[in-house]
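Throughout, read-outs are computed from the coordinates displayed, never taken from laboratory work. It should be emphasised that the depicted structure is a prediction, and the values quoted were computed from it without experimental measurement. Quick reminder, even Gly has a Cβ in these numbers, built from the backbone with ideal geometry, and neighbours come from all protein chains shown.
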Amino acid sequence: MLRPGPLNLITDVPGLSVGHATDPEAATGVTTLLLPDFWPAGVDIRGGGPGVRETAALEPDSLNGRAHAVVLSGGSVFGLAAADGVTAALSQRGVGLKLFAKSPHIPIVPAAVLHDLANEGDKNWGLEPPYRALGLASVEAVGHAFSLGSVGAGRGAAAGRIKGGIGSASLDLGDGIMVGALVAANPVGSVLMPDGRTYWAWPFEFDEEFGGHRPSGAAGAHDPLPDQSRLIQIGRLQAGANTTIAVVAASAALTSAECKRLAIMAQDGIARAVRPAHTPFDGDTVFAVADGVALPPPGMERSLQIARLGSAAADCLARAIARAAHHA
């Protein structure tokens, strides 16, 4: 029987580490995933209001299609500066491309942001938004065990009408292959069924990792956009005011194009855990990174392996979203 990894976090994928930096006064933060080497990476964007950096560098037809780190941040467009801090910190550590002897190292650090500017935090930062400093701090905080809930990029997040946050989950597929997901969940849609206590992701749950609630009685999902009047009242139905941003990872040696497929399949995890998903108001973005166990050469068997990895990544992402709200 398949089981989560020892930590039930994305860092069960060997070599990965995660660091949070949280600004409680501004009610925002940054979460950084460091890759041990220049891992193959891909990205898929489904929401109507994304905020991203260096995603084009991950396309399969680009020069690199790889990354040294991935940054998730609050702060909307201001939060993109968090990747500047991570880039500078990694360059000082000697991480990155070295094109000329006298040039600094050039890390490839894609990023995605969520909108948390309307929460209770003090956003009166003038010409000094905190995100570059938070990016620097997140690199210093990296480790294998990390907190979930209202921390890092999830500090100011909301999931529909309840608190959102940081979530993570893993799944051990055996034969040395581990799959994991890391998410900052801030969707306009609901993570809860109409009973208000059961997560949409409940069929994928292990060991009551997000409360163990199960639907009772009629659990119909007939309203395509529940609570829309309330969402209008609290200002959530605005393009770019919400999003689910995530990274999925696998300990398998994939190409950049295969990472792109992994990210595409993992987007189904958002649809399994959030209703509705991929709306015009969200910026749903999923990165995928992978390296490790060699898979069969190109052919049917390899394609089946990639399909299994993508399905596992979607399940992990669905669980991670529910864990984000549960811990928040």
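If amide H atoms are built 1.01 Å from N in the plane of the peptide, which residues on other chains or at least 5 residues away come under 5 Å of the amide H of R66?
A41
Rounded, prolate or oblate: which one fits region 1-149, using the alpha carbon gyration tensor with axes a ≥ b ≥ c (rounded when a/c is under 1.5, else prolate when a/b beats b/c, else oblate)?
Here region 1-149 falls in the rounded category.
For region 133-175 and region 288-328, what is the separation of their C-alpha centers, rounded to whole Å?
Result: 18 Å between the Cα centres.
Among the lysines, select those whose C-alpha is under 30 Å from the C-alpha of K123, and discard any that sit fewer than 8 residues away in the same chain.
Straight-line reach from K123, under 30 Å: K163.
Under the rule a/c < 1.5 gives rounded, and otherwise a/b versus b/c splits prolate from oblate, where does the chain land using the Cα gyration tensor?
oblate
Placing +1 at every Lys and Arg Cβ and -1 at every Asp and Glu Cβ, with all other atoms neutral, what dipole size does the chain have around its Cα centre, in debye to the nearest 20?
Here the size comes out at about 200 debye.
Take the alpha carbon gyration tensor of region 84-225, find the square roots of its eigenvalues, order them as a ≥ b ≥ c, and report rounded if a/c is under 1.5; if not, report prolate when a/b exceeds b/c, else oblate.
Oblate, because a/c is 1.5 or more while a/b does not exceed b/c.
Calculate the spin-label point distance for I162 paired with E25, positioning each point 7 Å from the Cα along the beta-carbon direction, and give it in nanometres.
3.2
What list of ³J(HN,Hα) couplings, whole Hz, do you get for region 29-36 from phi and the Karplus terms 6.51, -1.76, 1.60, once you set θ to phi - 60° and write x for glycine and proline?
These are the phi-based 3J(HN,Hα) values: x, 9, 10, 10, 9, 9, 9, x Hz.
Using a Gaussian network model of the chain whose springs link C-alpha atoms within less than 10 Å, name the residue from T31, T11, T255 with the highest mean-square fluctuation.
In the Gaussian network model the winner is T255.
What are the aspartates and glutamates whose alpha-carbon lies under 13 Å from the alpha-carbon of K260, with same-chain residues fewer than 8 places away excluded?
D44, E59, D61
Show me the ranking of peptides 55-61, 14-20, 127-133 by mean Cβ neighbours inside 10 Å, starting with the highest.
14-20, 127-133, 55-61
Give a residue-ordered list of calculated ³J(HN,Hα) values for region 164-176 (Karplus: 6.51 cos²θ - 1.76 cosθ + 1.60, θ = phi - 60°; whole Hz; x for Gly, Pro).
So the Karplus estimates, Gly and Pro as x, are x, x, 8, x, 7, 7, 9, 8, 8, 8, x, 6, x Hz.
Quick one: among M300, M178, M265, which has the greatest mean-square fluctuation in a GNM of the chain with alpha-carbon springs under 10 angstrom?
M300
Using amide H atoms built 1.01 Å from N in the peptide plane, name the residues 5+ places from A288, or on other chains, whose amide H lies under 5 Å from its own.
G42, V43, V248
For the chain, what's the relative contact order in percent, using C-alpha pairs closer than 8 Å and at least 6 residues apart?
26
Based solely on its DSSP helices, what 222 nm [θ] is calculated for the chain when runs of n ≥ 4 H residues each add -39,500 (n - 2.57) and the sum is averaged over all residues, nearest 500 deg cm²/dmol?
Result for the chain: -7000 deg cm²/dmol, rounded to the nearest 500.
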